[in-house]
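Here is the structure we will look at, set down as structure tokens.
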Amino acid sequence: MTEFQRTLAFDVGDRRIGIAVSDLLGITAQPVETYTRTDDEEKDIRYLLSVAKRYAPSKLVFGMPRNMNGTYGFQAEKVRVFAEKLLENWDGEYDFYDERLTTVTAERILLEADVSRKKRKQVVDKIAAVVILQGYLDSRR
């Protein structure tokens with residue numbers, strides 16, 4: 001018997017957070033939205049938890065920025081701290097996934113699709129979240 005469970009992924013940036021969700025079988029990732037952060041981190045966390053409630057995932061995945069040599073830098077620490085705050089109000093599973101070059105990959109996808117520069121800026125973060133989530137799902141098979 002197959003257990004249907006979604007996974008929700010976040011590409012956490014300083015200004016925006018890309019959000020993607022898997023299908024019920026955990027095979028494909030689809031974009032949800034790009035959330036623009038506010039100056040109120042608690043408000044941002046409440047919003048992301050409301051998205052999680054809407055999709056009812058069994059797991060949250062956070063893109064973890066790493067340097068090209070595999071080490072963690074300042075941005076990785078910021079993501080970890082933000083994730084810890086969000087996870088204080090989350091009862092399900094969670095994981096971190098290496099997000100090296102995901103924004104570059106997302107930009108390339110959008111360029112190949114001939115998306116305008118203005119539109120790319122609006123969607124690149126949620127496409128990066130899709131790249132993170134799809135990589136995560138593929139690595140678990």
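Every number in this text was worked out from the coordinates using simple rules, so none of it is lab data. Computed from a prediction, not measured in an experiment: that's the story for all the values here. All Cβ positions, glycine included, derive from the backbone under ideal geometry; neighbour counts span all protein chains shown.
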Pull up all non-local amide H partners of residue 99: gap of 5 or more, or a different chain, and H-to-H distance under 5 Å with H placed in the peptide plane. 64, 66
Using θ = phi - 60° and Karplus 6.51 cos²θ - 1.76 cosθ + 1.60, couplings along the stretch 124-141 (whole Hz; Gly, Pro as x): 4, 5, 6, 5, 4, 5, 5, 4, 4, 5, 5, x, 4, 4, 5, 6, 8, 8
Please list 3J(HN,Hα) in residue order for the stretch 62-77, calculated via the Karplus relation 6.51 cos²θ - 1.76 cosθ + 1.60 where θ = phi - 60°; whole Hz, with x for glycine and proline. 10, x, 10, x, 10, 6, 4, 8, x, 7, 9, x, 4, 5, 4, 5
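Can you give the FRET efficiency to the nearest 0.05 for residue 41 and residue 98, using r as the Cβ-Cβ distance and R₀ = 22 Å? Could the numbers behind the result be given before it?
Values: r = 24 Å, r/R0 = 1.10.
According to the calculation, E is roughly 0.35.
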Which cross-chain or sequence-distant (5 or more) residues have an amide H under 5 Å from the amide H of residue 6, H modelled 1.01 Å from N in plane? 58
Sorted from largest down, what three extents in whole angstroms do the Cα atoms of the stretch 7-139 have along their principal axes? 40, 34, 31
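Please rank 55, 97, fewest neighbouring Cβ atoms within 10 Å first, as an exposure proxy. Walk me through the numbers on the way to the answer.
Values: 55 13, 97 17.
Ranking 55, 97 by Cβ neighbours within 10 Å, fewest first, gives 55, 97.
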Projecting the Cα atoms of 20, 57, 137 onto the charge dipole of the stretch 7-139, where Lys and Arg contribute +1 and Asp and Glu -1 at Cβ, the residue farthest towards the positive end is 20
Once amide H atoms are built 1.01 Å from N in the peptide plane, which residues 5 or more positions from residue 16, or in another chain, come under 5 Å H to H? 37
Of all trypsin sites (Lys or Arg not before Pro) in the stretch 1-65, the ones in DSSP coil with at most 11 other Cβ atoms within 10 Å are 15
Which of the peptides 125-135, 65-75, 26-36 is most tightly packed, and how do the rest follow, judged by the mean count of other Cβ atoms within 10 Å per residue? 125-135, 26-36, 65-75
